[in-house]
Structures are given as C-alpha cells and as structure tokens.
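Accompanying notes for the structure given below.
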Amino acid sequence: MTEPSAVDGEAILPAAVLWDMDGTLVDSEKLWDVALYETVERLGGTLTDEQRASLVGSNMDSTARYLLELAGRERTAGAIAELGEWIRQRTATLFADELPWRPGARDALVAVRAAGIPAALVTSTERALTELALHTIGREFFDTIVCGDEVGGRNKPHPAPYLLAAERLGVDPARCVAVEDSPPGAESAVAAGCAVLVVPNDVPVEPGERRVFRGSLVGVDAGTLGACLTGPA
C-alpha cells in the first residue's frame, strides 16, 4: 500500500485523491435538472425541489424507480429500464456540449497532477455519460475511472465505488482523500475509510467524522487535501 508522503518535509500528501464528478468538478446537476423535470412531466407527475434534491448522487435505476413511483406508475423492471434509457438519452444530448466547471475545480485537478498524486474519478453517472463529460474535464487527470454501472448495483452511499477505486490504484483507502458534494457521496467515502473534503453544491451535507468542509475548490492544492487526513484545523 502507498503511504502518504511529505512535501518539503512538511505537508502530508494523500496516497490518492478520489474525485466525484457531478456537482463537484462540473456543475452538471443543473443539466440533470432539465432531464429529470422533463421526465416527470412526460409521466404526468410533479417533482418538488425537495424531491429533486433527494436524487442527488443516485444511480439511474434508483432515479427511474423513484420517478415512476411519484407519477403513480407501475415499477416493473421493464418500465424502469425504459424510463432510465429515456433519461440517459436526454442527458446525453445535454452533456454533449461543454460542461460548466465548478469554481476552482480545474486548477485543483492540475495541482494534484503536478504533485504526482494518483487520482481516480468516482461517479454514480454511467460510463457512456461519463465519457461525454470527460471531453470537458479531461481524462488525463485520472489514473482510473469508476462509473455507476460498474459496481454491481452497489452505488453510493455504499462504500464499493471508493473501495474499488482504491483497489485499482493499489492504495489504502484510509490514506486517500475523496472530494464530494453530496450526502450519499460523503457517506460512501467515509464508509470506505477515506477522509473527505466536502464542497456542498445543491444540497447541504451534515458534518461528521473524517469530513472537512470548504465553500469551493478555489485554492485547493495537494497540501490542502493532505491536511484532510488529520481533520479540521
């Protein structure tokens, strides 16, 4: 396992940085809003802001099942798959254009790469949509990518996505820092044993063990992330 190291004998570096995508690196949740509200409208139902917020960080099957329930529709495997495919195709058209960056996100990715720290993208978004997003984000920043349809249904808040990322990188999860914006993502990372830098976006995240909070990724660098391993100052 890779141990954290020091920069100039002082700052501790994480063994790896594990990045969430939607709402953390890019402001793609706003695009998901478009697809989800259109989906509910097609079903003849309504979606409140609170109900929409509950879906942040969910995978496609869970989202489709929930929207069918809201609209009073039958939640068969076929109906879930069909609705999920409609959401997937609609979101793909939105993801095809350049995605808006979250403040400081690209500079933070560059800083981690420059410091030579291994990195993973760990997202609940499926591989096909993630590949579209990577046209904006840049796959060169990641040594491995774990997508929502690659964890056998054990999506966030289950620890499996972060455990898989750490395994692929050959690092101890306890020496990793995850960067997240949502409650399911933060829960997933903590359950895997990671420290978490939480940068809330659309929904609030409760304080908790191994969680350090910032208002944005502006100014975040290798030292900032390494400090998360020891908790808040």
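The values are calculated or read from the model by the stated rules, or taken from the named source; none is laboratory data. Note that this is a predicted model, so its numbers are computed, not measured. Neighbour counts are summed over all protein chains in view; Cβ atoms, including those assigned to glycine, are modelled from backbone coordinates with ideal geometry. All accessible areas refer to the heavy atoms of the entire protein, side chains included, with ligands and DNA or RNA removed. Shrake-Rupley method; radii C 1.70, N 1.55, O 1.52, S 1.80 Å.
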Would you list 156, 30 from the most to the least accessible area, probe 1.4 Å? 30, 156
Could I have the simple spin-label model distance between residue 168 and residue 216, label points 7 Å from Cα toward Cβ, reported in nm to one decimal? 3.0 nm
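With the alpha-carbon atoms as the only input, what is the per residue convex hull volume for the chain in Å³? Walk me through the numbers on the way to the answer.
Working: hull volume 24.8 nm³, N = 233.
Dividing the Cα hull volume of the chain by its residues yields 107 Å³.
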Which one of 40, 198, 146 has the biggest mean-square fluctuation once the chain is modelled by GNM with Cα springs under 10 Å? 40
Rounded accessible area of residue 74 (nearest 10 Å², 1.4 Å probe): 140 Å²
Sequence-distant residues sharing a close amide H with residue 213 (under 5 Å, placed H): 198
Under 5 Å between amide hydrogens, which residues at least 5 positions from residue 26 or on another chain qualify, with H placed 1.01 Å from N in the peptide plane? 102
Report the convex hull volume per residue for segment 66-144, counting only C-alpha atoms, in Å³. 113 Å³
Each residue of segment 128-143 in turn: what ³J(HN,Hα) in whole Hz from Karplus with 6.51, -1.76, 1.60 and θ = phi - 60°, glycine and Pro shown as x? 4, 6, 4, 4, 5, 4, 5, 5, 7, 6, x, 6, 5, 7, 10, 7
Highest GNM mean-square fluctuation, the chain, Cα pairs closer than 10 Å: which of 173, 204, 183? 204
Cα-based Rg then Dmax for segment 18-149, in Å, read 15.8, 51
